[in-house]
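Please treat every number below as a calculation from the coordinates, not as lab data. From a predicted model like this one, the values you see are computed outputs, not experimental measurements. Note that each Cβ is placed from the backbone with ideal geometry, even for glycine, and that neighbours are counted across all protein chains shown.
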Protein chains: 2
Amino acid sequence: MSTITDLITNHILLLLRHADGEINIQRNELAEKFSCAPSQINYVLETRFSIDKGYLVESKRGGGGYIRIFKIPVDAHSLLMEIIDVQIGRSLSQIEAEKIVQRLLDAGVIKVNQANIMYAAIQRESIPINLPWRDIVRASILRNMVRALLHQSKKEEGE
Amino acid sequence: MSTITDLITNHILLLLRHADGEINIQRNELAEKFSCAPSQINYVLETRFSIDKGYLVESKRGGGGYIRIFKIPVDAHSLLMEIIDVQIGRSLSQIEAEKIVQRLLDAGVIKVNQANIMYAAIQRESIPINLPWRDIVRASILRNMVRALLHQSKKEEGE
DNA sequence: ATAATAAAGGTCAAAGAAGGTCAAAGGTGG
DNA sequence: CCACCTTTGACCTTCTTTGACCTTTATTAT
């Protein structure tokens, strides 16, 4: 049997297919259409359109508020996911971190002006605390920066 | 759906572009044109044309009153130097750090794809150590990233 | 000159319009 | 029966719009 969650999911997938991977919805409107609680929409977005399923969701509150959903292109997506899940562990030396940035640059996922910033952030001098803490913090910083790339990778396409 | 605020914002941006960064408006006239309360114009100016978005607003009341809006031209080099030397101290909260990144973005010194990376690097979650060390490390990371921008802008000059 | 009046723009708080969170209750498959 | 989804609702936060009232400046009438 299909749940409301499934119905809403399918509806969003359909919209996405017809709109080239980027849509704009109103939470209340959608909830109205499916006769459910508005917060159900959030549930669907959290469980079915999460970042590791390859989607990006952004929203604004207040008058003129909206929810935007993007489908992240797969190539960049899988490289970034692999780096986040596998290559960056709990701790990371400067050398290892630099290799990862280089890999992103080589793959064309980032530009030089982005690589420079990332290099700067992971330098020893940027993290003035002792080992082993420094390497742990470095892993954390890099992971977050790579996550940011994941979030970004859809919107860059259109430019 | 776009709000009245967005419409007015776009209208002002258009005027600014056509008038070389300096315009002169009448509050009531503009409110009339968009059929809104005059105070809505103030709201737009406060939220969209604030000083840290790179705009300057001056006005005069009474007969022959006016509102003037200027776009402040920025010199990347001096902005970066000021941020390194003055704005980033020994320690920096996430809020303060975010303001600095926003300022760079608004000034057009960095692009969105760079801002996203910088933003990610300075998040609490990126620096998993306790206060007050976290704020000290954050200051250090941001300073190094801004230095990288400085280096980059010098190189670009020579091209 | 002065005092009234008209013509701007400014402030602030309340109401309205979204979306977000979280925990409790309700189902369902093993 | 238990663990794991779904569904719902009460309450929260953020952003926008409106309106009543205030201040400043210019003009006009005594």
Exercise for review: Please report, in debye to the nearest 20, how large the charge dipole of the protein assembly as shown is about its Cα centre when each Lys and Arg carries +1 at its beta carbon and each Asp and Glu carries -1 there.
Suggested key: 500
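Tally Lys and Arg at +1 and Asp and Glu at -1 over the other residues with C-beta under 11 Å from the C-beta of B:Arg138: what net charge comes out? Before the final figure, lay out each step's value.
Details: positive: B:Arg90, B:Arg124, B:Arg134, B:Arg143; negative: B:Glu96, B:Glu98, B:Asp135.
Result for the local shell: +1.
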Exercise for review: Just add up the charged neighbours of B:Gln87: K/R +1, D/E -1, any other residue whose Cβ is under 9 Å from the Cβ of B:Gln87.
Suggested key: -1
Review point. Which whole-Hz ³J(HN,Hα) couplings does the stretch A:38-51 yield from phi under the Karplus relation 6.51 cos²θ - 1.76 cosθ + 1.60, θ = phi - 60°, glycine and proline marked x?
Key: x, 5, 5, 4, 4, 4, 4, 5, 5, 8, 10, 10, 6, 4
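Filter the trypsin sites (Lys or Arg not before Pro) in the stretch B:51-141 down to the DSSP loop ones having no more than 12 other Cβ atoms within 10 Å, then list what survives.
Values: sites: B:Lys53, B:Lys60, B:Arg61, B:Arg68, B:Lys71, B:Arg90, B:Lys99, B:Arg103, B:Lys111, B:Arg124, B:Arg134, B:Arg138; in loops: B:Arg61, B:Arg90, B:Lys111.
Those satisfying the criteria are B:Arg61, B:Arg90.
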Exercise for review: Per DSSP H run of n ≥ 4, the term is -39500 (n - 2.57); total these for chain A, divide by its residue number, and report the mean residue ellipticity at 222 nm rounded to 500 deg cm²/dmol.
Suggested key: -18000 deg cm²/dmol
Practice item. Can you tell me the FRET efficiency between A:Val86 and A:Leu13 if r is taken as the Cβ-Cβ distance and R0 is 25 Å, rounded to the nearest 0.05? Key: 0.35
Check your understanding: Inter-copy label distances at A:Val112, 7 Å along the Cα→beta-carbon direction, one decimal in nm, shortest first?
Key -> 2.4
**Study point:** Inter-label distance, nm, simple model (7 Å from Cα along the C-beta direction), A:Val74/A:Glu46
**Key:** 2.9
Exercise for review: At q = 0.08, 0.13, 0.16 Å⁻¹, what is the base-10 log of I(q)/I(0) for the protein assembly as shown according to the Debye formula with one equal point scatterer per Cα and no solvent? Please give it to two decimals.
Suggested key: -0.48, -1.12, -1.31
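Counting residues in the stretch B:67-117 as N, plug N into 2.2 N^0.38 Å and put the Cα Rg over that result.
Dividing the Cα radius of gyration by 2.2 N^0.38 Å gives 1.25.
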Point to revise | Pair A:Lys111, A:Asn130: separation of 7 Å Cα→Cβ label points (nm) | key: 4.3
Revision key, fill the gap. Contour minus Cα-Cα span, A:Lys60 to A:Gln26, at 0.36 nm per residue, comes to 11.2 nm
Study note, to complete from the structure: Net charge (Lys, Arg +1; Asp, Glu -1) of residues whose beta-carbon lies under 11 Å from that of B:Lys99, B:Lys99 excluded, is -3
Point to revise | For chain B: relative contact order, % (alpha-carbon pairs under 8 angstrom, 6 or more apart) | key: 20
Check your understanding: In degrees from 0 to 90, rounded to the nearest 10, what is the angle of the helix A:112-122 Cα long axis to the longest principal axis of chain A?
Key -> 70
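What number results when the radius of gyration of the stretch B:4-71, computed over Cα atoms, is divided by 2.2 N^0.38 Å?
For the stretch B:4-71, the normalised Cα radius of gyration comes out at 1.01.
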**Study point:** Taking A:Thr5, A:Thr47 and counting other C-beta atoms within 10 Å, the order from fewest to most
**Key:** A:Thr47, A:Thr5
Review point. Once you average over the residues of A:121-131, how many Cβ atoms of partner chains fall within 10 Å of each Cβ?
Key: 5
Point to revise | Dipole magnitude of the stretch A:1-95, debye to nearest 20 (Cβ charges: Lys/Arg +1, Asp/Glu -1, about Cα centre) | key: 240
Revision key, fill the gap. Answer check: the stretch B:1-115, Cα atoms, Kirkwood Rh, Rg/Rh ratio of 1.04
Check your understanding: When the distances between all Cα atoms of the stretch B:76-157 are binned every 10 Å from zero, what whole-number percent does each bin get?
Key -> 18, 56, 23, 3, 0
